[in-house]
Amino acid sequence: MKTGLKGLDPRSKLVLVLCLSTLGVFIQDIGILTAVLCVSIALSTASGSRLFVLIRKFRRILWLFVAIAVIQSIFAPSGRVLVSLGGIKLITAGGLYKGVAMVLRMSIVMVSATIMATSNSREIVQGLVQWKVPYEIAFMVSVAIRFLPLLTDEIKNVVTAVQLRGIELDRIPARQRVKVYSYLIMPVVSGAVIKSRELATTMETRAFRAYPKRTSYMVLTMQRIDYTVIITSLITSILTLILYIKC
Amino acid sequence: MIEPYIELDDVSFAYERCAPVIGGLSLKLYKEQFTAITGPNGSGKTTLGKIMTGILRPQKGCVIICGRDSAGMKLGEIGQRIGYLFQNPGLQIFAPSVQEEISFALGLKGCSKEEIDSRVSRSLRDFDLTNLSDAFPFKLSRGEKQRLAIAAVLVNKPDFLILDEPTTGLDMERRRALSDILLGLKEKGIGMAVISHDRVFIDRLADRTIKMHGGEIVEDRT
Ligand SMILES: Nc1ncnc2c1ncn2[C@@H]1O[C@H](COP(=O)(O)OP(=O)(O)O)[C@@H](O)[C@H]1O
Ligand SMILES: [Mg+2]
């Protein structure tokens, strides 16, 4: 028997994740966003996700976050100019603030999503079904979750394949770089489309939706800790939002 | 004797959180030889090929390429010397058209326009892909993808080739064409290690046959 947050019902995790990401999306204040991010990290670790392993895996694309912050700040300039280039305001205090907030927000959504990933997809579908979500939709959600790691594998493959053609990624001239990045996305997207088509055909051949009602072998039950988690997270986030809007 | 092109010295490898696949394997591959690697499914042939090209890095032992320890070489550096064909050709196709798939690496390496054009059209002809040159690579059939992947590897003129089951998905005629092309390359002095179950194909080309079982070499015949 799992204890504490590790054994949570997928539905409680879902509520928790929704609360955290709602806070992340609505709040503009960097201080509060940082606090929410800290709470997300703490909860994610407590629920047994492999957060730090994931961060280590994705450290190569962390610079993308910095790029997003800078781009945000270029396109939404306001306030004092910090860096300018030939009359164009490159980095402004207001823009930088927005950029940092954006990065924090994305981090919150991603970190809280790792909480969800600690349930297996079968449990998540079952949780949704018991909440009267139509099975088709629940199934789609589970497929999305199931296929995400495959997508990252695919990107890794393409990166390997490009390098094996004798190309050193860090020596590509800047002008060509965009093109090479587009190569990384292409097979991933078309691979996903092809796979989903095949999956749809397979489901048809196995008579998915042949009967309107399905019986589940697995039945989830909520424990006291589940109710505690749901109620606490709802109350805390609603209070935070109210306080935030009032002040 | 002559220097080996690729040398594996007491190499062991295990996938993350799995039992070891290859344990203490030593092997020398020469540019002057056509080496065939055979063995039952799951005997570690693909894993061995990926270790030789640096896609997988061994936990123990070292891989020496052209006299240099490959641990210090980047994948891009190894790729300039060794051409590798994935067992699943879909994994190494990424450009939006057949022609671009073959030409893009040449463009990045700064070849001239005329040179690229002549090498690409030559390669399209060799692999019978000329009338597919503007096709979308993801829609090709398995055999066409295989030919495209091989063409794209060969156009870079590597010194050594590692091909993982190159004849899978090819019809009899295309197999013959491929073995003709490989024979031509062999005469030009390009070293080759080919993983294959195809007896006819191997018998025609191989100077040396290595048989693997359970991650070990059980037979090495010259
Ligand atoms: N990515 C992987 N993760 C874990 N185990 C793997 C992986 N790839 C292959 N294996 C295992 O390694 C062994 C050797 O596989 P492989 O080298 O592909 O064999 P072969 O190419 O000879 O058929 C098999 O038992 C296979 O299950
Ligand atoms: Mg194999």
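The values are calculated or read from the model by the stated rules, or taken from the named source; none is laboratory data. Values in this document were obtained by computation on a predicted structure and should not be read as measured data. Virtual Cβ from ideal backbone geometry, glycine too; neighbours counted across all protein chains shown.
Annotations for the structure displayed:
- Any hit, segment B:38-50, residues being surrounded by 15 or more Cβ atoms within 10 Å (Cβ to Cβ) and within 13 Å of chain A (Cβ to nearest Cβ): yes
- Of the set (1) without any contact (Cβ under 8 Å) to a residue 60 or more places away in the chain; (2) buried (at least 21 other Cβ atoms within 10 Å of the Cβ), all apply to B:VAL200 but (2).
- For segment B:101-118, the set of residues classified as buried (at least 18 other Cβ atoms within 10 Å of the Cβ) and modelled with pLDDT under 85 consists of B:PHE104, B:ALA105, B:LEU106, B:LEU108, listed by residue number.
- Applying the set (1) within 14 Å of ligand 2 (Cβ to nearest atom); (2) within 19 Å of B:ASP159 (Cβ to Cβ); (3) in contact (Cβ under 8 Å) with a residue 40 or more places away in the chain to B:ILE55 leaves exactly one unmet item: (3).
- Comparison of B:GLN92, B:GLN80 shows that the only residue that is touching a residue at least 12 places away in the same chain (Cβ under 8 Å), within 16 Å of ligand 2 (Cβ to nearest atom) and within 9 Å of another protein chain (Cβ to nearest Cβ) is B:GLN92.
For (1) surrounded by 12 or more Cβ atoms within 10 Å (Cβ to Cβ); (2) among the β-branched types (Val, Ile, Thr), each residue gets a yes or a no:
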site: A:ILE155; (1), (2): yes, yes
site: A:GLN163; (1), (2): yes, no
site: A:PRO187; (1), (2): yes, no
site: A:ALA207; (1), (2): no, no
site: A:THR240; (1), (2): yes, yes
site: A:LYS246; (1), (2): no, no
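- Residue check for A:TYR181: of a type in the set (Ser, Thr, Tyr) and more than 14 Å from every other protein chain (Cβ to nearest Cβ): no
- The residue of segment B:205-222 that is surrounded by the fewest Cβ atoms within 10 Å (Cβ to Cβ), among those that are away from ligand 2 (no atom under 16 Å from the Cβ) and assigned to a loop (DSSP other than H, G, I, E, B), is B:THR222.
- B:ILE202 within 16 Å of ligand 2 (Cβ to nearest atom), aliphatic (A, V, I, L, M) and either part of a helix (DSSP H, G or I) or within 14 Å of chain A (Cβ to nearest Cβ) (or both): yes
- Hits in segment B:77-100 - residues which are of a type in the set (Gly, Ala, Ser), at pLDDT 85 or above and under 15 Å from the mean Cα position of the chain (by Cα): B:GLY79, B:GLY83
- Unique residue being within 14 Å of chain A (Cβ to nearest Cβ), away from ligand 2 (no atom under 16 Å from the Cβ) and under 24 Å from A:PRO187 (Cβ atoms) when the list is B:LEU140, B:LEU170: B:LEU140
- In segment B:165-199, the qualifying residues are those that are away from ligand 1 (no atom under 15 Å from the Cβ) and in a loop (DSSP other than H, G, I, E, B), and the one that is nearest to the chain's Cα centre (by Cα) is B:ILE190.
- Among residues of segment A:184-197, those that are facing chain B (nearest Cβ under 9 Å) and basic (Lys, Arg), counted: 0
- Number of positions in segment B:26-63 that are more than 13 Å from ligand 1 (Cβ to nearest atom) and under 21 Å from B:LEU183 (Cβ atoms): 8
- Enumeration of residues in segment B:14-23 that are near ligand 1 (Cβ under 9 Å from one of its atoms) and either touching a residue at least 60 places away in the same chain (Cβ under 8 Å) or at negative phi (or both): B:ALA14, B:TYR15, B:GLU16, B:CYS18, B:ALA19, B:VAL21, B:ILE22
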